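Worksheet for the structure shown next.
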Amino acid sequence: GWKVSMKSGSLSYILPCNRLPVQLMSQVRVYTSNGQKKDLGSQDTNGSAPGETLHKVETGQDTTNAGQKQSSPKQPIQVKVKPVLKKREYGPKYTQNNFITGVRAINEFCLKSSDLDQLRKIKRRSPHDDTETFTVYLRSDVEAKSLEVWGSPEALARERKRRKEAEIKYRENLFRNQRLLWEYKEFFGNTKPRSSTAAMFFKGPGKVVMVAICINGLNFFFKLLAWVYTGSASMFSEAIHSLADTCNQALLALGISQSARTPDPSHPYGFTNMRYIASLISGVGIFMMGAGLSWYHGIIGLLHPHPVESLLWAYCILAGSLVSEGATLLVAINEIRRSARAKGLSFYQYVVQSRDPSTNVVLLEDAAAVLSVAVAATCMGLTSLTGNPYYDSVGSLGVGTLLGTVSAFLIYTNTEALLGRSIEPEQLQRLTEFLENDPVVRAIHDVKATDMGMSKVRFKAEVDFDGRVVTRSYLEKQDIEQLLQEIQQVKTLEELEAFMLKHGENIVDTLGAEVDRLEKDLKQRNPDVRHVDLEIL
């Protein structure tokens, strides 16, 4: 409805949302949303509908004289319109001002580096940690240069197709090209020293694996001779166990060497998980080769028992195996203790979390080997004392069960690592508190921290930045007096738009610099964090 209020001879209207009131001293006109203009005439005193009545107000008269007409000169109507910046439609032409790097310009537009020398160069903040700025080019300039070089879009498309076919052919002959590249480096020399993969096997997990390969290989050879001489089922299980350990540890060595490869475009986060993959396959191999064959041979011994020959040589070989396996086990234990101490973890936590899968496999395999030697020696001794071959077959089943337990643990821990488990809650809390204590951060949401393996963490979070702090950080680097003069010179909408666009882009760059600073500080304070993704909320 209509609401009318009168105070000291003036009348103000509170109208519905679809009407714009204009108040004058002697006459009121109403502009409706449908474009009609209505003069307010005499008021209907018979109580007609408010929406249908036109009011006329005379200055200096009482409300009882509202029905009388008074002639007065009409005054011009003045309407103030609030200036609003016209919304700009951004089409494909505007995106031609996007920036493009030199590498993309050469690859996507089939140009040479000399072609880019003639284009406008723009310095922008670098996304990489090792450089502060890098050079980019306007996409429109690059496209124009490509048309100048190739003559037409059709010629450029043909060149792209030709290069694509050449790339496919290059990939098909990748081995030959790599060989030629190696010969080229050998002839001209390397521009920077390469890390030797062989050096990885002289320290840390690589050293543990190589020691285990040598010892288990010798154990397999002597255990196999003892089984051939005695025919003992337990000795056969031990020989198979040593063979499985040797093969699995050779697989671990392959995983260690592959994990040292540098990241490439197909694998931007590197090949660290190759150690977990090798350990997972190793666990499956222990289950199939070690546990499976031991169970099979033990069951055959129970179903078809046969007398066991002299076990003297078997006891000697088992004693030597116990010493060698124990030595390898001590090497693995010392390595895990040293690594666990460096990470601030207990021995048990380090093993269960599978922080170093290669050393874990050696530790568990050698621990199982020592226990299985004890089981085999006990069962063979019972067979020698009683003459009952069933004890020997039971020993084979016991060794198989022990190997099955170890393989199940390895499969579980390495699968958890490959699935991408979260880091410890305490560590995640420290990372979150570090970001929240920064003045530029207002709140943090959707925090995710994934353990990528080998003490490498990927951290992701949605960050609500404080725009006032970011703007103040930008203003601290500006000349305030000069900025004030620029503001005072703004007279038109066009000048205001140019001023806001200029400083708005600089503030966005300041926000990007703040993101880079937070990522850098987070990596420096937490060396395990290798990849940080902070998304602006």
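The values are calculated or read from the model by the stated rules, or taken from the named source; none is laboratory data. Note that the structure is a prediction, hence the values are computed from the model and not measured. Note: ideal-geometry Cβ built from the backbone for every residue, glycine included; neighbour counts use all protein chains shown. Only protein heavy atoms, including side chains, enter the accessible area calculation; ligands, DNA and RNA are left aside. Shrake-Rupley method; radii C 1.70, N 1.55, O 1.52, S 1.80 Å.
The set of residues in the stretch 503-517 that are touching a helix residue (DSSP H, G or I) at 6+ places or on another chain (Cβ under 7 Å) and farther than 12 Å from residue 470 by Cβ is empty. Residue 461 falls short on exactly one of the conditions (1) crowded, with 21+ Cβ neighbours inside 10 Å; (2) assigned to a helix (DSSP H, G or I), and that condition is (2).
Each row is one residue, and each column tells you yes or no for (1) surrounded by fewer than 13 Cβ atoms within 10 Å (Cβ to Cβ); (2) over 20 Å from residue 439 (Cα atoms); (3) at pLDDT 90 or above.
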| residue | (1), (2), (3) |
| --- | --- |
| 472 | no, no, yes |
| 477 | yes, no, no |
| 480 | yes, yes, no |
| 487 | yes, yes, yes |
| 494 | yes, yes, no |
| 499 | no, yes, yes |
| 515 | no, no, yes |
| 519 | no, no, yes |
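All but one of (1) acidic (Asp, Glu); (2) under 31 Å from the mean Cα position of the chain (by Cα); (3) surrounded by fewer than 15 Cβ atoms within 10 Å (Cβ to Cβ) hold for residue 416; which doesn't? With (1) acidic (Asp, Glu); (2) under 31 Å from the mean Cα position of the chain (by Cα); (3) surrounded by fewer than 15 Cβ atoms within 10 Å (Cβ to Cβ) applied to residue 416, the lone miss is (3).
Elements of the type helices (runs of 4 or more DSSP H) sitting completely within the stretch 304-387 and holding at least 3 residues that are on the phi < 0 side of the Ramachandran plot and polar (S, T, N, Q): these cover 312-343, 357-386.
Filtering 344, 387 for residues that are open to solvent by 30 Å² or more (accessible area, probe 1.4 Å) and under 26 Å from residue 417 (Cβ atoms) leaves a single hit, 344.
So which residues in the stretch 252-276 are open to solvent by 70 Å² or more (accessible area, probe 1.4 Å) and not aromatic (Phe, Trp, Tyr)? Answer for the stretch 252-276, where residues must be open to solvent by 70 Å² or more (accessible area, probe 1.4 Å) and not aromatic (Phe, Trp, Tyr): 254, 261, 262, 263, 265, 266, 267, 268.
State the number of residues belonging to the stretch 82-115 that are open to solvent by less than 50 Å² (accessible area, probe 1.4 Å) and either at pLDDT below 65 or on the phi > 0 side of the Ramachandran plot (or both). Matching residues across the stretch 82-115 total 2. Which of the residues spanning the stretch 423-441 are loosely packed, with under 15 Cβ neighbours inside 10 Å and of a type in the set (D, E, K, R)? Result: 424, 426, 430, 433, 436.
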